[in-house]
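Structure, as structure tokens:
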Amino acid sequence: MTRGYLSLVLHGHLPFVRHPEHPEFFEERWLFEAITECYVPLIKVMDGLLADGIPFRFALSLSPTLCAMLQDDLLQQRYLHHLEKMQELAGKEMVRTRHDPAFQPLARMYHDWLTETARIYDVRYGRNLVKAFRRFQEAGVLELFTTCATHGYLPLLKTHPQAVRAQVLVGQESYRRTFGRSARGVWVPECAFYPGLENVLDEAGFRYFFVDAHGLLKASVRPHYGLYAPLACSNGVAAFGRDPESSRQVWSSHDGYPGDFDYRDFYRDIGHDLDLDYIAPYILDGKTRIHTGLKYHRVTGTGDTPKQPYDPGRARAKAEEHAAHFVVSRARQIQAQAAGMDRPPLVVSPYDAELFGHWWFEGPHFLDALVRRLATGQDEIELITPGDYLQRHPVVQKSTPSASSWGWQGYHECWLSSVNEWIYPHLHHAAKVMVELATRFQSEPAGSLRDRLLRQAARSLLLAQSSDWPFIMKCGTAVDYANKRMRDQLARFHFLCDAAAKNDVEERKLIALEQMDNLFPFLDYRIYADTAQSTQKPAEKSAVAS
Amino acid sequence: MSHDHVDKDELEDALIPEPSAEELRSVVEEISAHYPPPRLGTELVLLEVNPHRAHAYWTIDVEDYRSAQQRTGLEHPPLVLRLFDITDGTPPEQALTAFDVEVQGLQGHWYLDLWKDGRTHLADIGFRDAAGRLVALARSNPVSTPSAAESPDYHTLAVDTAHPAGLRITDLILDPHLSDENTDVETGAALEQAAPSFAAPEACAPGPAPMVETAPATVAFQPSTSDATTIVAWPDAPALPPPEKLQADVQAYFDHAAEQSAAVPVAPPWQGHRPDADPALSRGLTEEPLPEGWPSAEHLAQLTPADVATPVAPDPAFTEPSLNQPAPAATEPTPPAPASAPAPAPVSLDQYVGLSSFEHGRREVALEINVELHLFGRAKPGTELSLYGQPVPLRPDGTFSIRKPLPQGAVVLPLLAVDPPPASKG
């Protein structure tokens with residue numbers, strides 16, 4: 001008998017890192033690594049479960065920028081090239097380690113794994129992984145949903161409501177065009193919610209979203225079931241709260257599963273270990289050492305403990321053990337809550353999809369083992385998606401979540417601090433300019449020069465608004481790149497707006513920008529128009545050069 | 001339409017070669033080089049950071065700046081952010097609480113620490129004239145901070161999420177006093193708390209932490225712990241807590257503030273005067289000179305070790321330095337004390353705390369930054385207020401304003417308020 005539900009929610013997102021202006025570009029590897037280590041392994045897990053007739057239901061959000069990149073011809077070609085190089089390296093490694101009994105099986109493992117990845121990617125799904133995810137949705141095992149257009153951090157964009165509205169509506173429209181239906185759910189970027197946002201979500205047709213635990217627990221009215229049932233805003237859009245216990249077990253770098261000594265060590269990589277001459281063809285510019293993805297060691301221990309060779313069999317066994325632990329933990333959680341509830345408790349466990357496989361190499365196997373364990377030998381916990389839950393339990397307590405995020409400190413500190421605060425005056429000003437131009441030129445004929453300029457300006461604005469840039473600035477990881485992307489997108493935006501105001505541009509430049517930032521081909525800048533002010537007040541200061 | 005027909009424009013489009021990577025690179029590099037973000041007009045924007053903090057940024061046109069400056073009639077009027085609490089829809093002009101933060105620059109930003117969570121604020125930026133009135137340059141958007149406390153108690157409305165309009169349909173909550181969450185609903189027996197049949201977590205350290213032995217409590221029944229940092233009594237608030245509690249609260253607050261402001265200096269909040277009859281932005285916040293004996297940072301920087309034991313007179317020319325702005329033009333560096341200088345006389349704890357940045361300043365360093373704490377607020381008129389046992393002078397209306405240099409590291413400020421004796425009956 002089902003006593004409670006578990007909702008596994010994965011959020012797949014990467015910023016738009018397409019760079020056709022360079023023959024090779026380091027940040028495109030973010031996508032390539034995620035395809036190899038995360039998306040293809042997840043697809044492989046779901047294929048395997050389907051083939052074995054194991055019932056399961058996952059929820060997966062795929063961001064519009066990720067979908068755009070997965071479907072992009074140029075990036076598909078470049079990924080295949082990248083994969084070929086990886087296979088070549090793994091082949092060389094098989095030869096290099098032929099006398100090393102510890103590492104030779106690992107080199108072979110990587111070679112086989114990459115060959116299998118190429119088969120799934122190129123042959124089985126025709127280089128378009130979006131097709132694979134759509135197939136799982138149609139098979140009834142995956143509930144796909146979406147996020148905002150470029151993962152904009154909405155609470156810090158809301159000074160111009162049209163900017164928030166465009167992020168949300170373009171996200172839904174992108175999903176509709178990609179998957180042929182509307183998404184019921186939305187991953188509000190970084191779980192960053194503020195009261196009032198539910199109205200925009202409702203306008204876009206979304207029926208549910210997610211907040212962090214404190215967002216639900218500090219809702220306008222105390223949640224009767226704590227985190228174990230969603231709340232609904234007064235317009236009926238439901239909010240699911242992240243369960244902190246199951247999050248910690250997977251997320252925590254200290255006491256979470258991925259830190260287990262038997263798992264593969266993320267940081268020890270042959271890109272840093274081997275002779276430069278040998279590894280040069282597979283690293284950045286042949287000079288700068290980077291992760292290649294071939295890693296031969298396990299976490300082993302803390303501190304300066306010498307790293308031991310990775311043992312895949314042992315790691316897989318540990319992943320299965322952890323999956324069993326996860327199931328037992330949820331069962332206890334549910335058992336404790338079910339006594340006081342008039343409906344089965346729901347545990348919502350959302351994670352970044354890229355955690356599984358990329359950061360936590362054994363993560364996909366953990367998911368596989370988890371589903372198999374839930375499907376066999378127990379009937380207390382049922383895997384459910386948020387959409388399914390709302391269909392089964394449509395009457396939900398009315399209460400609006402509190403403003404919150406899932407970032408450091410639970411609010412907006414991560415995206416607004418001394419290292420990234422400089423971006424907001426520019427983002428807000430750009431939104432103001434966009435609204436002004438969209439309002440002024442609402443009647444511009446489709447396909448005209450100005451129409452194209454403003455559509456492209458809207459794309460640049462959306463790309464500048466990505467929450468990834470301030471996040472990277474805060475984390476200090478790829479700060480130069482994040483700063484450059486922000487400045488470049490703002491420069492392109494102002495160039496395009498100036499040209500639109502004058503209705504004059506050197507068309508080659510416009511074509512170049514259209515080719516560079518080629519996502520959202522359907523985007524209509526009029527989404528920014530302020531319908532309440534369709535005629536500009538003459539006395540008002542204009543933010544746009546005339 | 002015939003498939004053989006080819007539109008002339010389509011043909012021309014088809015003949016346009018796609019830009020090469022080189023051309024793309026050339027275009028984007030040119031655009032990035034020639035289109036820096038434009039200079040912004042006069043505006044002030046507030047953003048929420050967390051329940052107790054907001055962020056303000058502003059830009060001011062030079063012409064606006066000069067014009068407003070002239071209207072004050074002062075040569076160097078202070079540029080201030082004036083923050084209004086408009087939580088209950090109160091117009092800013094009638095806001096019960098407001099405070100000023102002195103700022104600098106045509107373009108800048110500030111993190112504002114707020115006493116209370118769950119409030120709505122709005123700010124003006126402008127020059128404060130001699131009467132305390134504000135010659136405003138811009139007004140911000142309102143910003144609402146979330147509550148740091150738990151949700152208010154239940155009420156029982158539910159919505160049907162399946163209904164297109166999310167129609168309210170029914171009372172949902174059956175019984176807020178749920179049965180014991182550690183009791184089996186069917187048997188009534190206590191749920192087993194023993195570890196599950198899973199390999200002990202320590203076997204794979206640093207893997208998962210030990211199992212949670214107690215199920216997460218139903219949050220609905222936890223008592224509220226809100227307002228833990230509210231330490232100042234307002235006219236309509238209950239009496240101040242006992243001194244020990246007050247001291248503990250002060251310490252907790254400053255520990256919290258120190259943690260919060262490690263990276264970015266923050267402005268201390270202050271509950272200002274109730275607005276007087278002046279309309280709009282014309283009411284002011286007065287600030288009295290420093291009480292005698294409280295040295296300014298500038299004075300401290302100019303002291304020699306021999307001066308340490310000497311009381312320091314307030315600097316009449318003192319202007320509050322901005323904590324969050326680029327440093328002003330460099331001044332003559334204070335020469336390090338000569339090695340032959342006499343050792344400072346022993347100082348009291350009070351002076352040590354107050355002068356410790358000077359203590360650090362005696363060493364020769366590449367860069368020294370001193371921070372001054374401006375404590376200001378108000379108490380019931382007649383209250384005896386003391387800091388480190390030193391009396392803090394209160395103005396007739398109960399407000400006070402003192403400045404102390406901040407030492408390095410954590411600091412405890414034992415601020416003690418003693419109620420005035422009850423008035424004797426005639």
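The values are calculated or read from the model by the stated rules, or taken from the named source; none is laboratory data. Just so we're clear, the structure is a prediction, and the values are computed from it rather than from any experiment. Quick reminder, even Gly has a Cβ in these numbers, built from the backbone with ideal geometry, and neighbours come from all protein chains shown. For accessibility, only protein heavy atoms count, side chains too; no ligands or nucleic acids. Shrake-Rupley method; radii C 1.70, N 1.55, O 1.52, S 1.80 Å.
For segment B:117-150, the set of residues classified as in contact (Cβ under 8 Å) with a residue 60 or more places away in the chain, farther than 16 Å from B:Q70 by Cα and β-branched (V, I, T) consists of B:V143, B:T145, listed by residue number.
Considering each residue of segment B:36-58 in turn, at least one proves to be small (G, A, S) and within 30 Å of A:K218 (Cβ to Cβ). In the condition set (1) at pLDDT 95 or above; (2) assigned to a loop (DSSP other than H, G, I, E, B); (3) more than 13 Å from chain B (Cβ to nearest Cβ), A:R268 is compliant with all but (1). The condition of being of a type in the set (V, I, T) and facing another protein chain (nearest Cβ under 8 Å) holds for only one of B:I60, B:I31, that being B:I31. A:V371 falls short of the stated requirement of being touching a residue at least 40 places away in the same chain (Cβ under 8 Å), more than 21 Å from A:R264 (Cβ to Cβ) and not in a helix (DSSP H, G or I). For beta carbons closer than 9 Å, sequence separation of 6+ or different chains, a first residue in segment B:99-116 that is in contact (Cβ under 8 Å) with a residue 60 or more places away in the chain and hydroxyl-bearing (S, T, Y) and a second that is part of a strand (DSSP E or B) and open to solvent by less than 10 Å² (accessible area, probe 1.4 Å), the qualifying pairs are B:Y111/B:V49; B:Y111/B:A54; B:Y111/B:H55; B:Y111/B:A56; B:Y111/B:A267. I'd like to know if segment A:472-487 contains one or more residues that are open to solvent by 10 Å² or more (accessible area, probe 1.4 Å) and within 9 Å of chain B (Cβ to nearest Cβ). Within segment A:472-487, one or more residues are open to solvent by 10 Å² or more (accessible area, probe 1.4 Å) and within 9 Å of chain B (Cβ to nearest Cβ).
When segment A:198-224 is filtered for residues that are charged (D, E, K, R) and more than 9 Å from chain B (Cβ to nearest Cβ), the ones remaining, listed by number, are A:E198, A:E203, A:D212.
Is it the case that some residue within segment A:383-396 is on the phi < 0 side of the Ramachandran plot, of a type in the set (D, E) and assigned to a helix (DSSP H, G or I)? Let's see the steps before the verdict.
Step one: of segment A:383-396, the residues on the phi < 0 side of the Ramachandran plot are A:383-396.
Among the residues that remain, those that are also of a type in the set (D, E) are: A:388.
If we keep only those that are assigned to a helix (DSSP H, G or I) too, we end up with A:388.
There is at least one residue in segment A:383-396 that is on the phi < 0 side of the Ramachandran plot, of a type in the set (D, E) and assigned to a helix (DSSP H, G or I).
In segment A:488-536, the qualifying residues are those that are of a type in the set (A, V, I, L, M) and facing chain B (nearest Cβ under 10 Å), and the one that is surrounded by the most Cβ atoms within 10 Å (Cβ to Cβ) is A:L496.
Annotation note: Cβ proximity below 6 Å between a residue of segment A:385-399 that is without any contact (Cβ under 8 Å) to a residue 60 or more places away in the chain and a residue that is open to solvent by 30 Å² or more (accessible area, probe 1.4 Å) and part of a loop (DSSP other than H, G, I, E, B) (sequence gap 6+ or interchain) occurs for A:P394/B:A162. Among residues of segment B:106-135 being small (G, A, S) and away from chain A (no Cβ under 13 Å), the one that is nearest to the chain's Cα centre (by Cα) is B:A123.
Restricting attention to segment A:336-368, the residues that are within 14 Å of chain B (Cβ to nearest Cβ), touching a strand residue (DSSP E or B) at 6+ places or on another chain (Cβ under 6 Å) and in a loop (DSSP other than H, G, I, E, B) total 3. In a residue-by-residue description of segment A:493-508, the property of being in contact (Cβ under 8 Å) with a residue 24 or more places away in the chain, aromatic (F, W, Y) and under 17 Å from A:L463 (Cβ atoms) applies to at least one position.
Within segment B:35-49, track down each residue that is within 17 Å of the chain's Cα centre (by Cα) and either more than 7 Å from chain A (Cβ to nearest Cβ) or not in a strand (DSSP E or B) (or both).
B:L44, B:L46
For A:G236, the criteria (1) on the phi < 0 side of the Ramachandran plot; (2) within 13 Å of another protein chain (Cβ to nearest Cβ); (3) in contact (Cβ under 8 Å) with a residue 12 or more places away in the chain hold in every case but one, which is (1).
To keep it simple, each residue is scored yes or no on (1) within 19 Å of A:G293 (Cα to Cα); (2) within 14 Å of chain B (Cβ to nearest Cβ); (3) in contact with a helix residue (DSSP H, G or I) (Cβ under 6 Å, 6 or more places away or on another chain); (4) surrounded by fewer than 18 Cβ atoms within 10 Å (Cβ to Cβ).
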residue	(1), (2), (3), (4)
A:P15	no, no, yes, no
A:F25	yes, yes, no, yes
A:P41	yes, no, yes, no
A:M46	no, no, yes, no
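Taking segment A:385-419 as the range and being touching a Lys or Arg at 6+ places or on another chain (Cβ under 6 Å) and within 19 Å of A:D342 (Cβ to Cβ) as the test, only A:H393 passes.
The number of residues in segment A:255-273 being touching a helix residue (DSSP H, G or I) at 6+ places or on another chain (Cβ under 9 Å) and either closer than 21 Å to A:E321 by Cα or open to solvent by 10 Å² or more (accessible area, probe 1.4 Å) (or both) comes to 12. Here A:V211 meets each of (1) in contact with a strand residue (DSSP E or B) (Cβ under 6 Å, 6 or more places away or on another chain); (2) over 30 Å from A:E362 (Cα atoms) with one exception, condition (2).
Reported count of residues in segment A:406-426, each being more than 7 Å from chain B (Cβ to nearest Cβ), part of a helix (DSSP H, G or I) and of a type outside the set (V, I, T), is 2. When segment A:240-249 is examined, which residues are found to be crowded, with 18+ Cβ neighbours inside 10 Å, assigned to a helix (DSSP H, G or I) and facing chain B (nearest Cβ under 9 Å)? Scanning segment A:240-249 gives A:E245, A:Q249.
Test of understanding: among A:T300, A:T292, which residue is among the hydroxyl-bearing types (S, T, Y), open to solvent by less than 70 Å² (accessible area, probe 1.4 Å) and more than 23 Å from A:A369 (Cβ to Cβ)?
On the way: A:T300 fails: more than 23 Å from A:A369 (Cβ to Cβ).
Of the residues listed, the single one that is among the hydroxyl-bearing types (S, T, Y), open to solvent by less than 70 Å² (accessible area, probe 1.4 Å) and more than 23 Å from A:A369 (Cβ to Cβ) is A:T292.
On the given criteria, is B:R82 crowded, with 19+ Cβ neighbours inside 10 Å, among the basic types (K, R) and more than 28 Å from A:L416 (Cα to Cα)?
For B:R82, the condition - crowded, with 19+ Cβ neighbours inside 10 Å, among the basic types (K, R) and more than 28 Å from A:L416 (Cα to Cα) - is not met.
Of the numbered criteria (1) within 30 Å of A:G340 (Cβ to Cβ); (2) charged (D, E, K, R); (3) modelled with pLDDT under 95, the one A:R57 fails is (3). Of all residues in segment B:74-129, those satisfying the criterion of being over 22 Å from B:F376 (Cβ atoms) and of a type in the set (D, E, K, R) are B:E75, B:D88, B:E93.
Please find, among A:T178, A:T146, the residue that is of a type outside the set (F, W, Y) and under 21 Å from A:A464 (Cβ atoms).
On the way: A:T178 fails: under 21 Å from A:A464 (Cβ atoms).
The match here is A:T146.
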